[in-house]
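A.B. asks: Here you go, one structure.
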Amino acid sequence: MRRSTASVSPSFLSALLSCKHFSVARICRCPPPVYGSHRWVCGISDSLSNNTLNASSSSPYRLMLFSTMAGTILVQARDPAKLNMEILNAIDERRYIDTWKLYEQHMQMEGFPRKSVVNRLLTGFAESLDVKWLEKAYAMVEQAFEESKQNLLEKEPLIYLSLGLAKCGLPVPASTILRKLVETENFPPVTAWSAILAHMSQTAPGAYLAAELILEIGYLFQDGRVDPRKKSNAPLIAMKPNTTAFNIALAGCLLFCTARKAEQLLDIMPRICVKADANLLIVMAHIYERNGRREELKKLQRHIDEACNLTDIQFRQFYNCLLTCHLKFGDLDSASNMVLEMLRKAKDARNSLAVATLVLEAARNDNRAFIARISGPNLSQNEPEGSHKDRLIEHQIISYEEFSRDRNFVKLGNEAKEVLLSLLAKLQTQVELITTEHGILQPTEKIYVKLVKAFLEAGKLKDLARFLIKAEKEDSPVSNDDWALVHVIKSCISLGWLDQAHDLLDEMRFAGVRTGSSVYASLLKAYCKANRLREVTSLLRDAQKAGIQLDSSCYDTLIQSRVLQQDTQGALDLFKEMKEAKIPRGGNPEFEQLVEGCAGNAEAGLMAKLLREIREGQKLDSGVHDWNNVIHFFCKKRLMADAEKALAKMRSLGHTPNAQTFHSMVTGYAAIGGKYIEVTELWGEMKSLASSAPIKFDQELLDSLLYTFVRGGFFVRANEVVNMMEKGNMFIDKYKYRTLYLKYHKTLYKGKTPKFQTESQLKKREAALSFKKWIGLC
């Protein structure tokens, strides 16, 4: 009777021969007797010596015989139970290299180790906070899910591993583990996953994934889908996003410029009954400002003014957002009135503080401590601890033993709040228009620069002069030449805007504000250089009326101008006038002092900042913000016909749609569903517009397009968007699109290729298969 044999691949045979934990006893071609104390793995073996058998029966190893066409190999295999113990010992002793080798041997012999060993491996590698071992631990998790052995994985070790991955800057695998936990209904409590979210939000991809996680988890709780009265829903309820989780995701979106994604998070908050705290109110203000939602900011102002637990820094951030939004919309009256109101309050506060200081000094109290107490906390008192503490949080992790004892994840919840404070501190550094002194809001030079630029661009010179004069009366300068209006006039002269400079000087004179001779001298020289003699005569007359005495450098310039015009008599008259007035030579000391002051400051003066802002800054089109708000309103209400009319009107008025405009349209069509043709037409328009105008395709816009195209099965267009995102080095959440593909197109193009198909059908098939390969399903 012929005995059946099984073959062994050469690569597997080579691995066995090269492994030091297996020993080869003998190779031959003759059939051996069968021994009951040995397990036949494959085929026929030669006869074995008694010494080999006796050694085998007394050792913890088993003899294994492998047959090939060339012969048979007798090997000794490790005992799986002992191998499990060795793995545990190695991981406890942090011998990670040995641990991984032993694990690989077990995988070759028996597959995955025991459940307890697998989870100990995950937590041991996570404790190392070493990217290499964290990636290997994640690979174990992936393999377990691929082989449908996720029952080997416990919830707490997976949460701990996800935390380690997030701390080491690996947000994609960290978020994937959280998503797998939700899919398998091992719901992680919010106190645990909010800490993971916090560490993910330290990077741009992680911040985007954090927002996606909030949206995915929040969707489960929208509109009261989960009944909190059922005990069986308790683990699910414990996972519900809270205010801290929202704050973290929103702050991350703001730091990495994905404010429209943040606004999507705000939209779902009331649907899952999440209440806003003080921090969330300020974060909302930042989001509304970035997206140009001025009306929403005005509504929020009432809550800000009524809140009793806001700090000076938080007030400063809110009013900085409101002021910035006024500038975006070109509402210069509201912006200038805000600045004047701040100056008035600051002046009153200084007077009150001076009186209080005198009283305290008379009473011989410790005025420093008392003033600090009554005048409110300042920036240095309120800012969270510095980056040193943040680095400590990121580069250390509690032991798994301590982690497992904390059943309610209180420590992780506290850690999430600490990281949130560091994220909010980074937001505070973006406040440029307003500062605080003794708890009183005050405008910075930056807001003056932006306001002046906006007034000049709008041609509102009278309003600009009126505003600056009022501002100076509230905060009087040391000298006449140190007025902000004087700096503005000289900036206009430097830019060659001589008419605007002259108009502002007239407004200053009409308001009864006396200025020094330096500004007249600067404008006079500029007129002479431009050969505008009529304006020179007019300016000289104005200077005489104002009682301004010009210096010798001005007369030198005027004389040279007359000589160039071959007006010899006029030049002699000017020289005679200069001599009679006994004007000393050597230039104007006031002007020279001002120039030296602007050049010598480490921080450039107002004049230098204004020049830089006008030369380098881009002119804002406030009409775009207005129309974007109109289109956003219609899209949010799903009135797409009205949104299309608004977009057409926007174009007809000469306003160029931007990324925010198209994002509102795409998300509006997606909300209705089935409007894939319209989105495709928008995509074509966007590509043609990009070739002729400097439109920026950002991550949020392209991601919304990609989602719509994949949902509708438009894979040719989806691949175009993917290529554009990859060229721009933008992060793409492949897990989301893999899930979306499996949900709606799982059976698409699974059969054999048809023998007869049109070119269009072939193109669609190839595009779908290409996308499927890109998301890792081929």
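A.B. asks: Step by step: first the residues of region 499-520, then only those that are open to solvent by 20 Å² or more (accessible area, probe 1.4 Å), touching a residue at least 40 places away in the same chain (Cβ under 8 Å) and closer than 16 Å to Glu535 by Cα, then the one that is nearest to the chain's Cα centre (by Cα). Which residue is that?
C.D. replies: Gln500
A.B. asks: Considering only region 645-658, how many residues are farther than 10 Å from Asn628 by Cα and under 30 Å from the mean Cα position of the chain (by Cα)?
C.D. replies: We begin by selecting, within region 645-658, every residue farther than 10 Å from Asn628 by Cα; these are 645, 648-649, 651-656.
Now restrict to residues that are under 30 Å from the mean Cα position of the chain (by Cα): 655-656.
Residues flagged as farther than 10 Å from Asn628 by Cα and under 30 Å from the mean Cα position of the chain (by Cα) within region 645-658 amount to 2.
A.B. asks: Also, I was wondering about something else. Lys545 versus (1) open to solvent by 60 Å² or more (accessible area, probe 1.4 Å); (2) touching an Asp or Glu at 6+ places or on another chain (Cβ under 9 Å); (3) modelled with pLDDT under 75: which is the lone unmet condition?
C.D. replies: Only one criterion is unmet by Lys545, namely (2).
A.B. asks: For the subset of region 112-135 comprising residues that are under 10 Å from Cys168 (Cβ atoms) and among the small types (Gly, Ala, Ser), which member is surrounded by the fewest Cβ atoms within 10 Å (Cβ to Cβ)?
C.D. replies: Looking at residues that are under 10 Å from Cys168 (Cβ atoms) and among the small types (Gly, Ala, Ser), I get Ser128.
A.B. asks: Of the numbered conditions (1) open to solvent by less than 30 Å² (accessible area, probe 1.4 Å); (2) out of contact with any Asp or Glu (no Cβ under 9 Å at 6 or more places or on another chain), Gln428 satisfies every one except a single condition; which is it?
C.D. replies: Result: Gln428 passes all but (2).
A.B. asks: Let me ask you something else. On the basis of being of a type in the set (Phe, Trp, Tyr) and touching a residue at least 12 places away in the same chain (Cβ under 8 Å), does Phe633 make the cut?
C.D. replies: Against the criterion (of a type in the set (Phe, Trp, Tyr) and touching a residue at least 12 places away in the same chain (Cβ under 8 Å)), Phe633 does not qualify.
A.B. asks: Still on this structure: Can you tell me how many residues in region 623-652 are open to solvent by 70 Å² or more (accessible area, probe 1.4 Å), among the charged types (D, E, K, R) and farther than 23 Å from Gly330 by Cβ?
C.D. replies: 5
A.B. asks: Among what's in region 688-709 and is loosely packed, with under 13 Cβ neighbours inside 10 Å and not polar (S, T, N, Q), pick the residue that is nearest to Thr258 (Cα to Cα).
C.D. replies: Lys696
A.B. asks: Continuing with the same structure: Which pairs do you get when a residue that is touching a residue at least 60 places away in the same chain (Cβ under 8 Å), found in region 223-235, comes within reach of a residue that is open to solvent by 100 Å² or more (accessible area, probe 1.4 Å), reach meaning Cβ atoms under 9 angstrom, with the pair 6+ apart or on two chains?
C.D. replies: Correct list of pairs: empty, since none qualify.
A.B. asks: Among (1) within 17 Å of Cys253 (Cβ to Cβ); (2) open to solvent by 10 Å² or more (accessible area, probe 1.4 Å); (3) not polar (S, T, N, Q), where does Met200 come up short?
C.D. replies: Met200 satisfies all of (1) within 17 Å of Cys253 (Cβ to Cβ); (2) open to solvent by 10 Å² or more (accessible area, probe 1.4 Å); (3) not polar (S, T, N, Q) except (2).
A.B. asks: Tell me whether region 188-207 contains one or more residues that are more than 18 Å from the chain's Cα centre (by Cα), of a type in the set (S, T, N, Q) and under 20 Å from Arg407 (Cβ atoms).
C.D. replies: The answer is yes; a qualifying residue exists.
A.B. asks: Every residue in region 238-247 that is open to solvent by 10 Å² or more (accessible area, probe 1.4 Å) and in a loop (DSSP other than H, G, I, E, B), please.
C.D. replies: Lys240, Asn242
A.B. asks: A follow-up question, please. Look through Lys752, Lys763, Lys736 and report the one residue that is modelled with pLDDT of 90 or more and open to solvent by 60 Å² or more (accessible area, probe 1.4 Å). Write out each step before concluding.
C.D. replies: On the way: Lys752 fails: modelled with pLDDT of 90 or more; Lys736 fails: open to solvent by 60 Å² or more (accessible area, probe 1.4 Å).
None of the others qualify; the one that does is Lys763.
A.B. asks: Taking the condition open to solvent by 70 Å² or more (accessible area, probe 1.4 Å), at pLDDT 90 or above, on the phi < 0 side of the Ramachandran plot and part of a helix (DSSP H, G or I), does Glu678 pass?
C.D. replies: Numbers: open to solvent by 70 Å² or more (accessible area, probe 1.4 Å): no; at pLDDT 90 or above: yes; on the phi < 0 side of the Ramachandran plot: yes; part of a helix (DSSP H, G or I): yes.
Answer is no for this residue.
A.B. asks: Among the residues of region 687-699, are any within 25 Å of the chain's Cα centre (by Cα), in a helix (DSSP H, G or I) and closer than 24 Å to Val172 by Cβ?
C.D. replies: yes
A.B. asks: I'd like to know if region 169-190 contains one or more residues that are more than 29 Å from Leu777 (Cβ to Cβ), part of a helix (DSSP H, G or I), of a type in the set (A, V, I, L, M) and open to solvent by less than 10 Å² (accessible area, probe 1.4 Å).
C.D. replies: no
A.B. asks: Can you say whether Leu310 is under 26 Å from Leu412 (Cβ atoms) and either in a helix (DSSP H, G or I) or out of contact with any Cys (no Cβ under 6 Å at 6 or more places or on another chain) (or both), as far as the supplied structure shows?
C.D. replies: Here the answer is no, as Leu310 does not meet what is asked.
A.B. asks: Right, another one. Do the conditions hold for Ser404, that is, is it in contact with a His (Cβ under 6 Å, 6 or more places away or on another chain), at pLDDT 85 or above and assigned to a helix (DSSP H, G or I)?
C.D. replies: no
A.B. asks: Further question on the same structure: Just checking, which of Leu213, Leu297, Leu250 is at pLDDT below 95, assigned to a helix (DSSP H, G or I) and open to solvent by less than 30 Å² (accessible area, probe 1.4 Å)?
C.D. replies: One residue alone meets the criteria, Leu297.
A.B. asks: For region 301-310, state whether one or more residues are under 21 Å from the mean Cα position of the chain (by Cα) and open to solvent by less than 30 Å² (accessible area, probe 1.4 Å).
C.D. replies: First, the residues of region 301-310 that are under 21 Å from the mean Cα position of the chain (by Cα): none.
No, there is no match, as no residue in region 301-310 is under 21 Å from the mean Cα position of the chain (by Cα) and open to solvent by less than 30 Å² (accessible area, probe 1.4 Å).
The values are calculated or read from the model by the stated rules, or taken from the named source; none is laboratory data. Please read all numbers here as calculations on a predicted model, not as lab measurements. FYI the Cβ positions are ideal-geometry reconstructions off the backbone, even for glycines, and counts take in every protein chain you see. Just the protein is used for accessible areas: all its heavy atoms, side chains included, with ligands, DNA and RNA removed. Shrake-Rupley method; radii C 1.70, N 1.55, O 1.52, S 1.80 Å.
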